[in-house]
Amino acid sequence: MVNLTIDGRHIQAEEGSTLLSAARANGIEIPTLCHHEALMPTGSCRMCVVEVSKGGRTRIVTSCIYLAEEGLQVNTKSQRVQEVRKLVLQLLMARCPESEVVREVAKEMGVNPEPRFKTSKDKGKCILCRLCVKACESIVGVSAIGLSGRGQTKKVGGPFMEAPQACIGCGSCVYICPTGHIVMEDDGKGHREIWGKTFNMAQCRTCGRYFAPLEQLSFISKATKVPLESLMVCTSCR
Amino acid sequence: MDLKAITKTARDTIKKYNRDHSQIIAILQDIQGVYNYLPKEALSVISEEMDVPLSRVYEIATFYNSFSLKPRGKHMIEICAGTACHVQGAANILDRFERELGIKRGETTQDGLFTLEEVRCLGCCSLAAVVRLDGNIYPFVKQDDIPRILKKYKKQEVK
């Protein structure tokens with residue numbers, strides 16, 4: 001266990017735990033966009049910045065990837081933190097003017113768009129946090145999508161910006177996306193479209209509901225060696 | 001281009017590097033050395049043979065400026081746009097090349113002879129403004145030199 005101070009409170013955190021998890025475990029809220037319990041944090045959205053000081057030196061760090069240290073003084077709401085967070089939000093708003101989530105967070109914190117930052121028109125709602133890519137890789141295990149290019153032209157999508165062949169249509173990327181950039185459409189008649197690829201949905205043997213793409217079920221069947229036939233029942237009828 | 005040849009080149013290159021994952025960039029460089037660009041099929045072969053997701057290979061191929069996924073011309077014209085060359089009129093030189101060749105930066109002429117690229121500092125600022133053509137450095141380039149430089153390469157083609 002290590003002892004540290006967060007916002008003036010003495011806190012004990014397990015060794016190797018991040019400042020973010022230590023703060024949250026003690027009811028201290030730090031805003032995040034790209035953080036997800038199921039995935040390794042990467043500190044890409046920069047929303048979780050906090051001010052840490054030790055031995056008279058103070059600096060700004062991303063709390064989701066900064067490990068708790070003995071004797072560390074953490075401030076999650078200082079003037080400096082607020083200013084950095086405000087700037088991060090203004091940049092995110094300029095990049096993704098359509099994103100309701102970013103706008104909502106900004107509104108909560110009383111941050112207004114900075115007119116000096118030119119708004120982008122072609123970035124959609126994507127903040128390039130890589131959550132979808134990581135989920136596809138380490139949770140689903142198919143690595144259908146990735147971030148291509150870099151800098152101004154960095155973009156999420158399938159290889160060659162085409163419908164990804166490896167995609168099984170599970171929709172994990174849609175669920176995990178913090179800003180709702182990725183669109184998945186179910187037409188209710190047995191088809192699902194995502195990443196420009198159309199999937200045939202499997203019908204539940206019991207209730208007749210279209211519940212999952214056939215490709216996803218055969219992927220699960222192959223991975224778990226459960227016969228496909230026994231997977232053809234939806235979660236509510238199982 | 002011949003699909004079989006591309007597959008063979010890719011396979012041979014992968015074998016040369018012992019399927020080592022850390023050598024993907026070297027493999028891509030070797031393949032680009034053969035074709036002047038990275039054919040789509042080659043990336044698929046790398047993905048399959050080396051058991052690396054295609055999305056990862058594509059990420060690498062698009063991250064580095066030196067890789068191109070579009071076919072490039074036989075001769076590569078690189079105009080330095082670093083600070084020293086910029087001051088010596090790199091923008092005008094680039095303009096003139098665009099006019100002479102009838103293409104924009106990043107494009108390839110229809111006859112497949114020339115590809116025009118704007119690059120950052122080539123590391124020989126004392127020779128500004130610099131143009132690199134197929135790896136040969138042309139120092140102190142002025143707009144009026146450009147037709148002569150191009151002529152030399154076009155002449156080679158006729159022979």
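Neighbours of A:SER148 by Cβ distance under 15 Å: Lys/Arg scored +1, Asp/Glu scored -1, total +4.
Normalising the average separation of contacting C-alpha pairs (under 8 angstrom, six or more residues apart) by the number of residues puts the relative contact order of chain B at 18 percent. Among beta bridges from DSSP that stay inside chain B, the antiparallel ones total about 55%.
Take chain A, mark every one of the GluC sites (Glu not before Pro) that falls in a DSSP loop and has at most 13 other Cβ within 10 Å, then report the longest stretch left between them, sites excluded. Excluding the exposed sites themselves, the longest stretch runs over A:71-161. Taking the Cβ of A:VAL2 as the center, what net charge do the other residues with Cβ under 9 Å away carry, scoring Lys and Arg +1 and Asp and Glu -1? Around A:VAL2, the surrounding residues sum to -4.
Comparing A:CYS129, A:CYS45, A:CYS204 in a Gaussian network model of chain A (Cα springs below 10 Å), the most mobile by mean-square fluctuation is A:CYS204. Residues in chain A average 55 Å² of solvent-accessible surface per residue, probe 1.4 Å, ligands and nucleic acids excluded.
Principal axis analysis of the Cα atoms in segment A:105-178 yields extents of 41, 26, 15 Å, listed in decreasing size.
Look at the alpha carbon pairs under 8 Å that are at least 6 residues apart: their mean separation over the length of chain A gives a relative contact order of 12 percent. Within a straight-line Cα-Cα reach of under 19 Å, A:LYS197 can be paired with the following lysines, leaving aside sequence neighbours fewer than 8 residues apart in one chain: A:LYS155, A:LYS189. Neighbours of B:CYS80, meaning other residues whose beta-carbon lies under 11 angstrom from its beta-carbon, give a summed charge of -1 when Lys and Arg score +1 and Asp and Glu score -1. Relative contact order of segment B:3-63, taken over Cα pairs closer than 8 Å and 6 or more residues apart, is 36 percent. Once you have a ≥ b ≥ c as the square roots of the Cα gyration tensor eigenvalues for the protein assembly as shown, tell me rounded if a/c is under 1.5, and otherwise prolate or oblate according to whether a/b is larger than b/c. Verdict is oblate for the protein assembly as shown. Is segment A:76-139 rounded, prolate or oblate when judged by the Cα gyration tensor, a ≥ b ≥ c being the square roots of its eigenvalues, rounded requiring a/c under 1.5 and prolate requiring a/b larger than b/c? Cα axes put segment A:76-139 in the oblate bin.
For segment B:50-66, list whatever residues lose no less than 50 Å² of accessible surface once every protein chain is in place, relative to that chain by itself, with the probe at 1.4 Å. Listed by number, the residues meeting the 50 Å² cut-off are B:SER55, B:ARG56, B:TYR58, B:GLU59, B:PHE63.
Taking Cα atoms only, the orientation of helix B:24-35 departs from the longest principal axis of chain B by about 60 degrees.
Dividing the radius of gyration of the alpha carbons in segment B:3-63 by their Kirkwood radius gives 0.90 for Rg/Rh.
Taking a quarter of the surface of the Cα convex hull of segment A:71-221 gives a mean projected area of 13.0 nm². Chain A and chain B together bury an accessible surface of about 1200 square angstrom, both sides counted, with a 1.4 Å probe and no ligands or nucleic acids included.
From the largest down, segment B:75-158 spans 34, 21, 21 angstrom on the principal axes of its Cα atoms.
Need one word for segment A:156-200: rounded, prolate or oblate. Basis is the Cα gyration tensor (sqrt eigenvalues a ≥ b ≥ c); a/c below 1.5 gives rounded, then a/b vs b/c decides. It comes out oblate by the Cα gyration axes. Surface exposure of segment B:90-142, expressed per residue as accessible area with a 1.4 Å probe, stands at 54 Å². With a 1.4 Å probe and every protein chain kept in, tell me what percent of the accessible surface of the protein assembly as shown is carbon plus sulfur. Looking at the protein assembly as shown in its full context, I get 50 percent from C and S. The alpha-carbon of B:LYS155 sits under 27 angstrom from the alpha-carbons of these lysines, leaving out residues fewer than 8 places away in its chain: B:LYS70, B:LYS74, B:LYS104, B:LYS142. The alpha-carbon of A:LYS54 sits under 23 angstrom from the alpha-carbons of these lysines, leaving out residues fewer than 8 places away in its chain: A:LYS77.
Working note: 222 nm ellipticity from helices only, DSSP H runs with n ≥ 4, each -39,500 (n - 2.57), summed and divided by the residues of chain A, gives -6000 deg cm²/dmol to the nearest 500. Annotation for segment A:108-152: trypsin sites (Lys or Arg not before Pro) lying in DSSP loop with at most 11 further Cβ atoms inside 10 Å of their Cβ are A:ARG116, A:LYS118, A:LYS121.
Helix B:146-158 and the long axis of chain B differ in direction by around 50°, with both axes built from C-alpha atoms.
The values are calculated or read from the model by the stated rules, or taken from the named source; none is laboratory data. Note that the structure is a prediction, hence the values are computed from the model and not measured. Note that we place each Cβ from the backbone using ideal geometry, even for glycine, and neighbour counts take in every protein chain shown. To get the accessible areas, we keep the full protein, side chains included, count just its heavy atoms, and leave off ligands, DNA and RNA. Shrake-Rupley method; radii C 1.70, N 1.55, O 1.52, S 1.80 Å.
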